[in-house]
Amino acid sequence: MANLFDKIENKITAGKIEQGVEKLKNTPVEELSKQLEKVNREELRKKIDELDAEKIKEMKLDVEEIKKKLTPADMEKIKKLAGKDADLIMKKINELSKK
C-alpha cells in the first residue's frame, strides 16, 4: 500500500515540476515572486533536498527534455526567484542535470 502512495506522490511531484517549468517560461518574474511568497520556503527546501537521481527516475521525469526547455534566461530567473537559496537550488539543478 505504501508503494502505491509513493507512486502517487511521485506522479504529483513530477507534474508540479513540469508545471513549474512552463510557469517559469510564461510568467513574469514579479508575478512568480508574489506566488512564491505564499509558499513555505522551508518545506520547499526539504522537497528539493529529497530530489536525487533515483527519485527522478522513479518519477519518470525526462531530464533531457527539461534541460532543452530551460534557457540561460530561465536559469537567471530561477536564481533571482530563489534569493538566498540560489546557491543551493543551482547546485541541485546542476547535480541532477548531469545524471
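The values are calculated or read from the model by the stated rules, or taken from the named source; none is laboratory data. Treat the numbers as computed from the prediction; the structure is a model and nothing was measured. Note: ideal-geometry Cβ built from the backbone for every residue, glycine included; neighbour counts use all protein chains shown.
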Selection from segment 66-99 of residues among the acidic types (D, E) and exposed (fewer than 11 other Cβ atoms within 10 Å of the Cβ) yields D87
Could you say whether any residue in segment 4-22 is surrounded by fewer than 12 Cβ atoms within 10 Å (Cβ to Cβ), closer than 20 Å to L96 by Cα, under 13 Å from the mean Cα position of the chain (by Cα) and among the polar types (S, T, N, Q)? yes
Residue list for segment 73-90, restricted to those being over 16 Å from G20 (Cα atoms) and either free of Cβ contacts under 8 Å to residues at least 24 places away in the same chain or of a type in the set (S, T, N, Q) (or both): G83, K84, A86, D87
Only one residue in K67, K60 is in contact (Cβ under 8 Å) with a residue 12 or more places away in the chain and either closer than 16 Å to I12 by Cα or out of contact with any helix residue (DSSP H, G or I) (no Cβ under 6 Å at 6 or more places or on another chain) (or both). Which one? K60
Within the set of pairs 6 or more residues apart or between chains, which connect a residue that is at negative phi inside segment 15-39 to a residue that is of a type in the set (D, E) with Cβ atoms less than 7 Å apart? L24/D74; K25/D74
Among the residues of segment 30-55, count how many are surrounded by 13 or more Cβ atoms within 10 Å (Cβ to Cβ) and β-branched (V, I, T). 1
Would you confirm, using the coordinates I've provided, whether I89 is among the hydrophobic types (A, V, I, L, M, F, W, C) and modelled with pLDDT under 90? no
